[in-house]
Amino acid sequence: VEVRHGHQWGTVCQRGWDLEDAAVVCRELDCGFVLDIPSGARFGRAGGEVLWRNVKCSGDEFALDL
């Protein structure tokens, strides 16, 4: 997942990423419900610095909060 924080683009670390974290991103982007959390950079390796590690969402949040 790539994010913009301030004026900088970066990534969210995938280690520990789970369905609850993905559900928050899907809700924030209004793109439906999460069905799967592919690993191994299925859609290409993200660029930029890792801005957020150890994401721990409950799944009820409306947005990722850096």
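Quick notes
- Within region 32-57, being over 13 Å from Cys13 (Cα atoms), at pLDDT 85 or above and of a type in the set (D, E, K, R) holds for one residue alone: Asp36.
- Count - residues of region 1-30 that are of a type in the set (Asp, Glu) and open to solvent by 100 Å² or more (accessible area, probe 1.4 Å): 2
- Pairs are defined by a Cβ separation below 7 Å, a sequence spacing of at least 6 or placement on different chains, a first member in region 16-32 that is without any contact (Cβ under 8 Å) to a residue 12 or more places away in the chain, and a second member that is part of a loop (DSSP other than H, G, I, E, B) and buried (at least 17 other Cβ atoms within 10 Å of the Cβ); the pairs so defined are Cys26/Val34.
- Hits in region 31-66 - residues which are of a type in the set (D, E, K, R) and either surrounded by 10 or more Cβ atoms within 10 Å (Cβ to Cβ) or under 24 Å from His7 (Cβ atoms) (or both): Arg45, Glu49, Arg53, Glu61, Asp65
The values are calculated or read from the model by the stated rules, or taken from the named source; none is laboratory data. All figures in this text were calculated on a predicted structure; none of them were measured in a lab. With ideal geometry, Cβ positions are generated from the backbone for all residues, glycine too; neighbour counts draw on all protein chains shown. For accessibility, only protein heavy atoms count, side chains too; no ligands or nucleic acids. Shrake-Rupley method; radii C 1.70, N 1.55, O 1.52, S 1.80 Å.
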